[in-house]
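Q: Have a look at this one.
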Amino acid sequence: MQNNRLTFMERLSERLTSVEAILKKLDPIESLLERIALLEKNIYTTKQVFTFQEACMYIGISESMLYKLTSGKEIPHYKPRGKMIYFAKEDLDEWLLQNYEPTVDEAARMANEAAATQPFFNQRRHGKRKKN
């Protein structure tokens, strides 16, 4: 029985050693995966026309959402032969940057500028008129 325990412990130790060796070999693979991810990001900066899947990755939405946007003609796209959908990077960037939301400071500055140039008391009011 004692002999079986030693052999079991020895086998366990050998297995742990082999697992540790495999993990050491995986470290360079992790760095390679990081480099691949970086290269994929760089591809999007140099490419001018995206396929459907590349456009999904570039703007960060699901394929179903992009299909919905293209079918509703809410996002600019191209169909050169009527089937495959392509997107221009410049059009996607422009679409992403629409509907700008100003910061609180910008909104306050715009309101002050509008109040200074267009006083409220000179504007015509809508609604019920008061009788004198």
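Q: Considering only residues that are part of a helix (DSSP H, G or I) and out of contact with any Phe, Trp or Tyr (no Cβ under 9 Å at 6 or more places or on another chain), which ones fall in region 43-55?
A: Scanning region 43-55 gives Ile43, Thr45, Thr46, Gln53.
Q: Is it true that some residue in region 48-60 is touching a residue at least 12 places away in the same chain (Cβ under 8 Å) and in contact with a Cys (Cβ under 8 Å, 6 or more places away or on another chain)?
A: Scanning region 48-60, I find no residue that is touching a residue at least 12 places away in the same chain (Cβ under 8 Å) and in contact with a Cys (Cβ under 8 Å, 6 or more places away or on another chain), so the answer is no.
Conditions tested, residue by residue: (1) in contact with a strand residue (DSSP E or B) (Cβ under 9 Å, 6 or more places away or on another chain); (2) assigned by TED's automatic domain parsing to the domain that holds Phe87; (3) closer than 30 Å to Pro80 by Cβ.
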position: Arg15; (1), (2), (3): no, no, no
position: Glu20; (1), (2), (3): no, no, no
position: Lys24; (1), (2), (3): no, no, no
position: Asp27; (1), (2), (3): no, no, no
position: Ser31; (1), (2), (3): no, no, no
position: Arg35; (1), (2), (3): no, no, no
position: Leu38; (1), (2), (3): no, no, no
position: Asn42; (1), (2), (3): no, no, yes
position: Gln53; (1), (2), (3): no, yes, yes
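Q: OK, next. Can you tell me which residues in region 66-94 are out of contact with any helix residue (DSSP H, G or I) (no Cβ under 8 Å at 6 or more places or on another chain) and among the hydrophobic types (A, V, I, L, M, F, W, C)?
A: Of everything in region 66-94, those that are out of contact with any helix residue (DSSP H, G or I) (no Cβ under 8 Å at 6 or more places or on another chain) and among the hydrophobic types (A, V, I, L, M, F, W, C) turn out to be Leu69, Ala88.
Q: If the Cβ limit is 9 Å and pairs must be 6+ apart or interchain, which residue in region 94-113 that is free of Cβ contacts under 8 Å to residues at least 60 places away in the same chain pairs with which residue that is assigned to a helix (DSSP H, G or I) and of a type in the set (Val, Ile, Thr)?
A: Trp95/Ile59; Leu96/Ile59
Q: Of everything in region 61-82 that's assigned to a helix (DSSP H, G or I) and in contact (Cβ under 8 Å) with a residue 12 or more places away in the chain, which residue is nearest to Leu96 (Cα to Cα)?
A: So, considering only residues that are assigned to a helix (DSSP H, G or I) and in contact (Cβ under 8 Å) with a residue 12 or more places away in the chain, the one nearest to Leu96 (Cα to Cα) is Leu66.
The values are calculated or read from the model by the stated rules, or taken from the named source; none is laboratory data. Small disclaimer: the values here were computed from a predicted structure and weren't measured. Quick reminder, even Gly has a Cβ in these numbers, built from the backbone with ideal geometry, and neighbours come from all protein chains shown.
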